[in-house]
Amino acid sequence: MPGVAVCATLGVVPKQEPRPPRELPPRQVLAAPGKWPVVGESAPRAGGEPWRVAVTGLVARPRSWSLDELRAMPQVERAVDVHCVTRWSRLAVRFGGVPLAAVLEPCAPLPEARYVSFVAASERGHSTTLTLADARALDPLVAFTHEGEPLAEPHGGPVRTVVPGRYFYKSLKWLAEVELLPRDRLGYWEAESGYHNVADPWREERYVVPRAEPREVRRLLAERDLAGRDVLGIEADGRALRGLVAMAAVLRDARFRDADLEGARFDGANLSNAHFEGARLAGASFHGADVEGADFRGADLSGADFRGARLTAVTFCAEEGLDEEGWGDAVIDAATRVDEAELEGLSPRQQAFLRSTVRF
């Protein structure tokens, strides 16, 4: 039986004990019903060659498959909970395809293989890795369908990986190569964007340690000028930063809780997953910024400008699973500006809150 051969060759271990059904990991919120935000590139690199998926590296029999050959293998369908690192989740999403174990089995992985790298047919050739032990336990899918339909190109079609139990950046769009390695090789998001290399949503493994030196961060904050700087995970809770200049800065996972940021300029900045709970942001500008997954509960947003900003999974008011932290609703007045079209990326509760407070 094919399933027996896969277990014998890859040493598949029993699945991890399942979590309570459809529980959300820490600080995740449900995406709006029927919405699947597009993250990263929206199309693979251009090319006229027929699509193939290759297995290379530490295998006894390297091989590549056409899409028709992969689709001819026994298919499975699974309900997978999708958790994006920027805090939105979709539960029980149906994906169909071939288990990764079934793709690797005929290639005979060698004993010295310790990691598996997935490489995309994207313009930057982005990739991500798992330990082979995690790949065996999590049982990823080489997927072709989503909710019974062929995967749309912006979401990784015609073929992508789906890795249960990890933030979704570990599920690679536009799969072109699976390479078995003796040592780890950081992928694009991990090396370039500071994303955590394990990415367990239950442990909130979103980012690695901040890049900037503490002394340099203190200097930049004293000068109130972060424009164009990459200061992932900056700690600025409670700081007096009125008029901060942070245009085009990279401030993922920044901590600005209870900070005085009145009149701050965050235009064009990347503020995904930033913490602004309780901050004073009256008159602040987020024009064209990426604030996906940011938390503004309890913040004063009087006169703040979010026009052109990406608001997917942003939190402005109490949300299930976050209420126990004690932050109230954001303060919004008639001068607060938000693009109504961006509300589609918010949860129903956040949409209702903004529609009841913002004048569109």
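Could you list all residues from region 253-268 that are within 21 Å of the chain's Cα centre (by Cα) and closer than 12 Å to Phe306 by Cα?
Passing the criteria: only Gly268.
Of all residues in region 108-132, which are charged (D, E, K, R) and either out of contact with any Lys or Arg (no Cβ under 7 Å at 6 or more places or on another chain) or modelled with pLDDT of 95 or more (or both)? Show your work before the answer.
Residues of region 108-132 charged (D, E, K, R): 112, 114, 123-124.
Passing the criteria: Glu112, Arg114, Arg124.
Checking Ala120 against (1) surrounded by 20 or more Cβ atoms within 10 Å (Cβ to Cβ); (2) not assigned by TED's automatic domain parsing to the domain that holds Glu23; (3) not charged (D, E, K, R), which test does it fail?
(2)
Surrounded by 21 or more Cβ atoms within 10 Å (Cβ to Cβ) and hydroxyl-bearing (Ser, Thr, Tyr): which single residue out of Ser193, Ser171 fits that description?
The match here is Ser171.
Would region 45-56 turn up any residue that is of a type in the set (A, V, I, L, M, F, W, C) and at pLDDT below 90?
Yes: region 45-56 contains one or more residues that are of a type in the set (A, V, I, L, M, F, W, C) and at pLDDT below 90.
Would you mind finding the one in Leu151, Leu141, Leu70 that is without any contact (Cβ under 8 Å) to a residue 12 or more places away in the chain and buried (at least 20 other Cβ atoms within 10 Å of the Cβ)?
Leu151
Residue check, Ala199 against (1) hydrophobic (A, V, I, L, M, F, W, C); (2) under 27 Å from Val163 (Cβ atoms); (3) not in a loop (DSSP other than H, G, I, E, B), all met but one. Which one?
(3)
Given the criterion within 23 Å of the chain's Cα centre (by Cα), assigned to a loop (DSSP other than H, G, I, E, B) and surrounded by 14 or more Cβ atoms within 10 Å (Cβ to Cβ), identify the matching residue among Gly288, Gly303.
Only one candidate qualifies: Gly288.
Checking the conditions here, which among Trp202, Trp189 is closer than 20 Å to Ala294 by Cα and out of contact with any strand residue (DSSP E or B) (no Cβ under 8 Å at 6 or more places or on another chain)?
After applying the criteria, what remains is Trp202.
The values are calculated or read from the model by the stated rules, or taken from the named source; none is laboratory data. If you're wondering where the values come from, they're calculated on a predicted model, not measured in any experiment. Positions of Cβ are backbone-derived with ideal geometry, glycine not excepted, and every protein chain shown enters the neighbour counts.
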